[in-house]
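J.: Quick one: this structure, given as structure tokens, is what I'll be asking you about.
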Amino acid sequence: MFPEAIRLSELGSGADAVLRIVAHFDALVESSADAEAVVRSAEAVAQCPVAVRWVSATEPEVQRGSTKERRSWDRRMNPEVRLERAGGAAHPLDEVLIDRVRHALRMTASRVGSTVQLGDPALLELVLSDNELPAERARAIRLLGLDETREVRVLAVSAGSPAEALRVVVRELGDQPIRSVTIGGDTALLCYSSEDARTLSDRLDAAIIAAFPPPLPATTGRGPWVGIGAKTTVFGAAGSWRQAQRGLRFASSTHYGRRAVAYERLSVLELLADLPLEQVLRHRDVARINAIASKPAGAHDVDTTEAFCVLGSLRRTATQLHLHHSTVAARIAHVESAMGWDLADPIDRFTATLVLFVRRIALSSAELSATEPTNVG
């Protein structure tokens, strides 16, 4: 199936536009397009010339279109892609386009022969559904061209995340086909996976934090951001999707928690996801923290205390928040005094960490369900 024609000038800069670019070049790869077809398509999308330079250990520089290049598609080479726009005008999605062109070119260079079809997002929704008969799910897997011999995992990116967050995730997933579909308020991303959960979640978390360092401005979209399901066969993708959505409840974007949470790393903490939202918000310690956070100065004190519980030391907290360590200590002292805690005591510190943790789950759950709890920071 050859991809539909798209033009950057006709696209916005949101998540839907990112996914259309990803789908366009995935479809090119999976229709067995060669490198020249990929570059021609990139030029049509970008509406400008696209320069490609191939670099490898054995061939320092190979120019597009040369006989030498055409003989070298099967080597392990790295394509460098540049958009040659007149006047230097840029589009917000230029980097996404460049990343997907590079991926497509690498895939043409390493293709091993099998041809698959991208299929329709509705097929992916069927694969991720628990309500379909096994035979229907198997048919959708075949129509999507998914490799039944490879492990996959599903990621959930919440609709509350800024569009750039989705672009960061797509870039970090790297050189592989990505199937995507919007289900409810979340975007599901299905990808092949060889990484362990810790490595992948740490890498995504670091990339998102680098793109959106705390503290986030009020104008930045709220989260949570990314939940990561466990590795499974394609026939178990529905289970990985459920796990990704569950992990998403533990992600927090607005303050200092994890931006990307892998279900496999939750262990016994997963039980906290079953706590009733209203019951959590009514608990006396959570209610007191929320009362403190309802005032501007108190919100800074609670945020700083949460950062301290996550980061583990005054020095690291001060560095992360760009504050003097005495300011950090003073803010924590305000919360200790109001809550009756002494964070130097192991029991009180554990209690504070747990209270702030379940509060963050409650806030994330409220955002995911599009409800707005009262008196929360």
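The values are calculated or read from the model by the stated rules, or taken from the named source; none is laboratory data. Everything quoted here is computed from the prediction, not taken from an experiment. No Cβ is skipped: glycine too gets one built from the backbone with ideal geometry, and neighbour counts run over all protein chains shown. Each accessible area value is taken on the protein alone, full model and side chains, heavy atoms only, with ligands, DNA and RNA left out. Shrake-Rupley method; radii C 1.70, N 1.55, O 1.52, S 1.80 Å.
J.: Determine which member of the set 287, 330 is at pLDDT 95 or above, out of contact with any strand residue (DSSP E or B) (no Cβ under 6 Å at 6 or more places or on another chain) and among the small types (Gly, Ala, Ser).
T.: That would be 330, the only listed residue that is at pLDDT 95 or above, out of contact with any strand residue (DSSP E or B) (no Cβ under 6 Å at 6 or more places or on another chain) and among the small types (Gly, Ala, Ser).
J.: Let me ask something else about it. Examine the stretch 283-292 for a residue that is open to solvent by less than 20 Å² (accessible area, probe 1.4 Å), in contact (Cβ under 8 Å) with a residue 40 or more places away in the chain and not aliphatic (A, V, I, L, M), and state whether such a residue exists.
T.: Yes: one or more hits.
Here's the yes/no breakdown for (1) in a helix (DSSP H, G or I); (2) surrounded by 19 or more Cβ atoms within 10 Å (Cβ to Cβ):
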{"position": "143", "(1), (2)": "yes, no"}
{"position": "168", "(1), (2)": "yes, yes"}
{"position": "180", "(1), (2)": "no, yes"}
{"position": "199", "(1), (2)": "yes, no"}
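J.: Here is a follow-up. Enumerate the pairs (first residue in the stretch 320-337 and under 13 Å from residue 297 (Cβ atoms) and touching a residue at least 60 places away in the same chain (Cβ under 8 Å); second residue anywhere and surrounded by fewer than 17 Cβ atoms within 10 Å (Cβ to Cβ) and β-branched (Val, Ile, Thr)) with beta-carbon separation below 7 Å, excluding pairs fewer than 6 apart on the same chain, so at least 6 apart or on different chains.
T.: none
J.: While we're here: Name the single residue that is modelled with the highest pLDDT among those in the stretch 251-284 being hydroxyl-bearing (Ser, Thr, Tyr) and part of a loop (DSSP other than H, G, I, E, B).
T.: Within the stretch 251-284, the match that is modelled with the highest pLDDT is 252.
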